[in-house]
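Right, one structure below, let's go through it.
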Amino acid sequence: MGTPIALGMPSAPPPVLSPRRKSRQIKVGSVAVGGDAPVSVQSMTTTLTADVNSTLQQIAELTASGCDIVRVACPSQDDADALPAIARKSQIPVIADIHFQPKYVFAAIDAGCAAVRVNPGNIKAFDDKVGEIARAAADAGVSIRIGVNAGSLDKRLLAKYGKATPEALVESALNEAALFEEHGFRDFKISVKHNDPVIMVRAYELLAEACDYPLHLGVTEAGPAFQGTIKSSVAFGALLAKGIGDTIRVSLSAPPVEEVKVGLQILESLNLRQRRLEIVSCPSCGRAQVDVYSLAEKVTAGLEGVEVPLRVAVMGCVVNGPGEAREADLGVASGNGKGQIFVKGEVIKTVPESQIVETLIEEALRMAEEMTAAGVASGEPSVITT
């Protein structure tokens, strides 16, 4: 038998691939961004901001899913008028997303939003308003995100570079940062988003070398859920593994809660967030003697809502099964119509195949209850296949 695996919080911090880039720290409401603060997860509401009740309902759903910061669009006066109620009633910091009209920047600051996202490339006469914006934001204790997008890059830089190259994105961001710095304002973070992960990664690498401001990571217009998850995971993984990135938003053509789930899972996979419930299951092969797909799906469904860092292994053959099950907090090694149930590295019982799912769920819930009583940190379930 292997050495039993202790449940709950690890005794030492989990390893990471690289130390975090040293960035200055700012505040987005109650959330610290940059410095030694944890990497935060953001999303954006899809409701009409002017519909206060619907927007607050979606913010509540995002909050429950683990979202740290939420952004709301403000393209009209009706949206601006709704910001005070939304900012006041939201349980997480609200960022107003401003395009085209600089007057809405001031409306968002006056409304009590925690931060304002500005896109210099498409706000009319933005450079002329920087001083006024800086003073208003500083007086209100509001931070700013300078958000440069490939699809709305300043026309002067498009003319210079021919297209939205990494260098063009970075030059745009640093130009705007310099304007704020001229007015003594430094409470901002920067993003340089592109829909191509390769261009996006290179832009952030250049930006990380050129400044010490906190960086918001995003692959803009990443696409539908599957494609967008892959593109964001590849890009964020490449940067976060190097210590680059202080806050993230996974942009998906999907409900906002799905963005948060993906973002949290990316951070957990890199040990930048405490790992939560993991279902470790084999992809199945010709050696499998049970229906691993069905077992894993049923166990995952049965443990929905479990909010503790518990690793459950669902294995389908005698080659890797016993080893994986033994290394997990709870596991099963299946074969010949039965399953060996492991708890903390020890076999506690052997059950017929028909009882594997209910036995695993029963044991997992028991262990989760013990961990919750012991004050172990909570989270949401995820699935990892090996």
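The values are calculated or read from the model by the stated rules, or taken from the named source; none is laboratory data. In this text, all values refer to a predicted model and were calculated from it rather than measured experimentally. Methodologically, a virtual Cβ is constructed for each residue, glycine included, from the backbone with ideal geometry; neighbour enumeration extends over all protein chains shown. Just so you know, the surface numbers come from the protein's heavy atoms only, side chains and all, with ligands and any DNA or RNA stripped out. Shrake-Rupley method; radii C 1.70, N 1.55, O 1.52, S 1.80 Å.
Any chance the stretch 298-311 includes a residue that's over 30 Å from Ser334 (Cβ atoms) and touching a residue at least 24 places away in the same chain (Cβ under 8 Å)? Working first, answer last.
Of the stretch 298-311, the ones over 30 Å from Ser334 (Cβ atoms) are none.
No, the conditions are met nowhere in the stretch 298-311.
Every residue in the stretch 288-315 that is assigned to a loop (DSSP other than H, G, I, E, B), of a type in the set (Gly, Ala, Ser) and open to solvent by 40 Å² or more (accessible area, probe 1.4 Å), please. If you could, list the steps in order and put the result at the bottom.
Step one: of the stretch 288-315, the residues assigned to a loop (DSSP other than H, G, I, E, B) are 288-291, 303-310.
With of a type in the set (Gly, Ala, Ser) added as a condition, the list becomes 288, 305.
Correct list: Gly305 only.
Quick check: is even one residue across the stretch 207-227 open to solvent by less than 30 Å² (accessible area, probe 1.4 Å), farther than 16 Å from Ser191 by Cβ, in a loop (DSSP other than H, G, I, E, B) and of a type in the set (A, V, I, L, M)? Don't jump to the end; show me each part of the working.
So in the stretch 207-227, the residues open to solvent by less than 30 Å² (accessible area, probe 1.4 Å) come out as 207-208, 211, 213-220, 222-223.
Going one step further and asking which of them are farther than 16 Å from Ser191 by Cβ, we end up with 223.
Next cut, in a loop (DSSP other than H, G, I, E, B) only: 223.
Restricting the remaining residues to those that are of a type in the set (A, V, I, L, M) gives none.
Scanning the stretch 207-227 turns up no residue that is open to solvent by less than 30 Å² (accessible area, probe 1.4 Å), farther than 16 Å from Ser191 by Cβ, in a loop (DSSP other than H, G, I, E, B) and of a type in the set (A, V, I, L, M).
Please verify whether the stretch 86-98 includes one or more residues that are in contact (Cβ under 8 Å) with a residue 24 or more places away in the chain, more than 19 Å from Thr47 (Cα to Cα) and open to solvent by 10 Å² or more (accessible area, probe 1.4 Å).
Pass one, the stretch 86-98, residues in contact (Cβ under 8 Å) with a residue 24 or more places away in the chain: 86-98.
Filter again for more than 19 Å from Thr47 (Cα to Cα), leaving none.
For the stretch 86-98, residues in contact (Cβ under 8 Å) with a residue 24 or more places away in the chain, more than 19 Å from Thr47 (Cα to Cα) and open to solvent by 10 Å² or more (accessible area, probe 1.4 Å): absent.
In the stretch 241-255, the qualifying residues are those that are under 13 Å from the mean Cα position of the chain (by Cα) and open to solvent by less than 10 Å² (accessible area, probe 1.4 Å), and the one that is nearest to Asn336 (Cα to Cα) is Val250. Scanning the stretch 94-153 for residues that are within 23 Å of the chain's Cα centre (by Cα) and either on the phi > 0 side of the Ramachandran plot or of a type in the set (D, E, K, R) (or both) gives Asp97, Arg117, Arg145.
Of all residues in the stretch 50-82 being open to solvent by 30 Å² or more (accessible area, probe 1.4 Å) and of a type in the set (Ser, Thr, Tyr), which is nearest to Arg249 (Cα to Cα)? Selected residue: Thr63.
Every listed requirement among (1) assigned to a loop (DSSP other than H, G, I, E, B); (2) within 20 Å of Asn119 (Cα to Cα) is met by Ile190 save one, (1). Scanning the stretch 144-156 for residues that are out of contact with any Gly (no Cβ under 8 Å at 6 or more places or on another chain) and surrounded by 21 or more Cβ atoms within 10 Å (Cβ to Cβ) yields Ile144, Arg145, Ile146, Gly147, Ala150. Pairing residues of the stretch 132-143 that are open to solvent by less than 30 Å² (accessible area, probe 1.4 Å) with residues that are of a type in the set (D, E, K, R), at Cβ distances under 6 Å and at least 6 apart in sequence or on separate chains, gives Ser143/Asp187. Would you check if Lys27 is charged (D, E, K, R), in contact (Cβ under 8 Å) with a residue 24 or more places away in the chain and crowded, with 17+ Cβ neighbours inside 10 Å? For Lys27, the condition - charged (D, E, K, R), in contact (Cβ under 8 Å) with a residue 24 or more places away in the chain and crowded, with 17+ Cβ neighbours inside 10 Å - is met. On the stretch given as the stretch 202-237, residues that are touching a residue at least 40 places away in the same chain (Cβ under 8 Å), of a type in the set (Phe, Trp, Tyr) and touching a helix residue (DSSP H, G or I) at 6+ places or on another chain (Cβ under 6 Å) total 1.
The number of residues in the stretch 102-121 being in contact (Cβ under 8 Å) with a residue 24 or more places away in the chain and either in a helix (DSSP H, G or I) or over 18 Å from Gln42 (Cα atoms) (or both) comes to 12. The single condition among (1) surrounded by 18 or more Cβ atoms within 10 Å (Cβ to Cβ); (2) farther than 30 Å from Val234 by Cβ that Thr165 does not satisfy is (2). When residues in the stretch 9-41 are screened for being at pLDDT below 95 and among the hydrophobic types (A, V, I, L, M, F, W, C), 4 of them pass.
Touching a strand residue (DSSP E or B) at 6+ places or on another chain (Cβ under 9 Å), of a type in the set (Asp, Glu) and either closer than 28 Å to Thr45 by Cα or touching a residue at least 12 places away in the same chain (Cβ under 8 Å) (or both): is that true of Glu259 in this structure? Spell out the reasoning first.
Working: touching a strand residue (DSSP E or B) at 6+ places or on another chain (Cβ under 9 Å): yes; of a type in the set (Asp, Glu): yes; either closer than 28 Å to Thr45 by Cα or touching a residue at least 12 places away in the same chain (Cβ under 8 Å) (or both): yes.
So Glu259 fits the description; yes.
Restricted to the stretch 316-367, the set of strands (runs of 3 or more DSSP E) holding at least 3 residues that are open to solvent by 70 Å² or more (accessible area, probe 1.4 Å) comprises 346-352.
Scan the stretch 265-273 and give yes if some residue there is of a type outside the set (S, T, N, Q), in contact (Cβ under 8 Å) with a residue 12 or more places away in the chain, in contact with a Phe, Trp or Tyr (Cβ under 7 Å, 6 or more places away or on another chain) and crowded, with 21+ Cβ neighbours inside 10 Å, otherwise no. Steps first, answer last, please.
Initial filter on the stretch 265-273 (of a type outside the set (S, T, N, Q)): 266-268, 270, 272-273.
Narrowing the set further to residues that are in contact (Cβ under 8 Å) with a residue 12 or more places away in the chain leaves 266-268, 270, 272-273.
Imposing the further condition that a residue be in contact with a Phe, Trp or Tyr (Cβ under 7 Å, 6 or more places away or on another chain) reduces the set to 266.
If we keep only those that are crowded, with 21+ Cβ neighbours inside 10 Å too, we end up with 266.
Yes, some residue in the stretch 265-273 is of a type outside the set (S, T, N, Q), in contact (Cβ under 8 Å) with a residue 12 or more places away in the chain, in contact with a Phe, Trp or Tyr (Cβ under 7 Å, 6 or more places away or on another chain) and crowded, with 21+ Cβ neighbours inside 10 Å.
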